[in-house]
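Inspection log for the structure reproduced underneath, given as structure tokens.
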Amino acid sequence: MKDNLNIVPFVSVENMMRLVLDRGMENCMAEIAEYLEEDFRRWPLFDKTPRVASHSREGVIELMPTSDGIDYGFKYVNGHPKNMKEGLQTVTAFGLLASVETGYPVLLSEMTVLTALRTAATSAVATKYLARKGSKTLALIGNGAQSEFQALGLKKICGIDTVRLYDIDPAATEKCAGNLADSGLTIVKCDTPQGAIEGADVVTTCTADKKYSTILTDNMVGAGIHINAIGGDCPGKTELHKDILLRSDIYVEYPEQTRIEGDIQQLDDDYPVKELWQVLTGEIDGRSDDKAITLFDGVGFAIEDFSALRWLRDALKSSDKYQDLDMIADPDDPRDLFGMVRREAQRLADS
């Protein structure tokens, strides 16, 4: 990549897909997971704030900023469940990484694909530290756009070899099963959530409806299971029955955000939860024993997107999968922006 400060590398959807295919999708998620672990271990260094959300009847638009004091990153992301019926993506995103020293952007990227990769990598990191050792079977409840990434991320990073699928829409399950047919995973299509969970070591719920839902009821969840609840990610949107929460050891990214958006919005504001980053640093314990129920109430936090953008910036050092954008005005005299525009007018007139 070039060092001209006014030229910013941009990764389009096409180039993101080609980059991922060049490196291997599972390898990309494993690499992103390494960046996540690095940043979780230095969590206190980051600026942290709940994402800025603009809610409407149709969905939500959010801005997710953070900084480690050297780099600044943000992501724009929406969540519109009704979009699927209109042939549109439920979630779309783009993001930017910038230099704190100059304020100049250093990377602009699509983040619809990248968010799918980092979300799966985050679930895998949580599962790595919270699930029982030797966990092999995943129940995947919700077989939409995120599902295949979840399955492959947990396969690569955590050793999952069997995935049990369920979705209220059988076509989604067929889509997911077809996409994973040559993945090396054993795929089992199930007719009910209860059927999907039978024999599972890990359960990931990734549903899209923006409403209070009970995807899992208390009687479905037995001792020893680890749950990644990643679909409940805004106020008024949940997936788990409250009684499951009360039986679980709950781990979150950033409590101030998760209490607003996660499944724990069903609990009192002072209900005790643990922060995942502290498990990685060894400040607190993860799973206490093989009978405990562990729950990662994952809503997605800005530091995870920062990690993904850091990974992408480093990946581009050995890749040509980007375009140079002339994004920043660069007058000869920084005080003479007007003169720069006037000289362009003269250049156009002369040509």
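The values are calculated or read from the model by the stated rules, or taken from the named source; none is laboratory data. All values reported here derive from a predicted model rather than from experimental measurement. Neighbour counts are summed over all protein chains in view; Cβ atoms, including those assigned to glycine, are modelled from backbone coordinates with ideal geometry.
Pull up the range 248-262, narrow it to residues that are more than 22 Å from residue 289 (Cα to Cα) and hydroxyl-bearing (Ser, Thr, Tyr), then point me to the one that is surrounded by the most Cβ atoms within 10 Å (Cβ to Cβ).
Residue satisfying both the conditions and the ranking: 258.
Being surrounded by fewer than 17 Cβ atoms within 10 Å (Cβ to Cβ) and not assigned by TED's automatic domain parsing to the domain that holds residue 54 is the requirement here; does residue 170 meet it?
The answer is yes for residue 170.
Say we look at the range 1-46 and pick out the residues that are hydrophobic (A, V, I, L, M, F, W, C) and in contact with a Pro (Cβ under 9 Å, 6 or more places away or on another chain); which of these is surrounded by the fewest Cβ atoms within 10 Å (Cβ to Cβ)?
Here the answer is 1.
Could you check the range 68-88 and list, in sequence order, the residues that are closer than 24 Å to residue 303 by Cβ and either among the aromatic types (Phe, Trp, Tyr) or assigned to a loop (DSSP other than H, G, I, E, B) (or both)?
68, 69, 70, 72, 74, 76
Testing residue 290 on (1) within 16 Å of residue 38 (Cα to Cα); (2) surrounded by fewer than 13 Cβ atoms within 10 Å (Cβ to Cβ), one condition comes back false. Which one is that?
With (1) within 16 Å of residue 38 (Cα to Cα); (2) surrounded by fewer than 13 Cβ atoms within 10 Å (Cβ to Cβ) applied to residue 290, the lone miss is (1).
Name the helices (runs of 4 or more DSSP H) wholly inside the range 268-351 in which the number of residues that are closer than 30 Å to residue 42 by Cα and of a type outside the set (S, T, N, Q) is 2 or more.
Qualifying helices (runs of 4 or more DSSP H): 276-281, 302-315.
Of the conditions (1) under 20 Å from the mean Cα position of the chain (by Cα); (2) of a type outside the set (Asp, Glu); (3) at pLDDT 95 or above, residue 55 satisfies every one except a single condition; which number is it?
(3)
Look through 177, 124 and report the one residue that is closer than 23 Å to residue 294 by Cβ, small (Gly, Ala, Ser) and either in the same structural domain as residue 221 (by TED's automatic domain parsing) or surrounded by fewer than 18 Cβ atoms within 10 Å (Cβ to Cβ) (or both).
Exactly one of 177, 124 is closer than 23 Å to residue 294 by Cβ, small (Gly, Ala, Ser) and either in the same structural domain as residue 221 (by TED's automatic domain parsing) or surrounded by fewer than 18 Cβ atoms within 10 Å (Cβ to Cβ) (or both), namely 124.
If you go through the range 128-149, how many residues are in contact (Cβ under 8 Å) with a residue 60 or more places away in the chain and either assigned by TED's automatic domain parsing to the domain that holds residue 29 or under 22 Å from residue 177 (Cα atoms) (or both)?
11
Residue-by-condition table, conditions (1) surrounded by 22 or more Cβ atoms within 10 Å (Cβ to Cβ); (2) at pLDDT below 95; (3) not hydrophobic (A, V, I, L, M, F, W, C):
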position: 74; (1), (2), (3): no, no, no
position: 80; (1), (2), (3): no, yes, yes
position: 89; (1), (2), (3): no, yes, yes
position: 100; (1), (2), (3): no, no, no
position: 110; (1), (2), (3): no, no, yes
position: 115; (1), (2), (3): yes, no, yes
position: 135; (1), (2), (3): no, no, yes
position: 139; (1), (2), (3): yes, no, no
position: 145; (1), (2), (3): no, yes, no
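Restricted to the range 265-307, and to residues that are within 19 Å of the chain's Cα centre (by Cα) and among the small types (Gly, Ala, Ser), which residue is farthest from residue 48 (Cα to Cα)?
Looking at residues that are within 19 Å of the chain's Cα centre (by Cα) and among the small types (Gly, Ala, Ser), I get 298.
Restricting to the range 98-110, name every residue that is closer than 22 Å to residue 42 by Cβ and either outside any strand (DSSP E or B) or in contact with a Lys or Arg (Cβ under 6 Å, 6 or more places away or on another chain) (or both).
Across the range 98-110, the qualifying residues are 100, 101, 107.
Step by step: first the residues of the range 1-42, then only those that are part of a helix (DSSP H, G or I) and touching a strand residue (DSSP E or B) at 6+ places or on another chain (Cβ under 8 Å), then the one that is farthest from residue 120 (Cα to Cα). Which residue is that?
Within the range 1-42, the match that is farthest from residue 120 (Cα to Cα) is 15.
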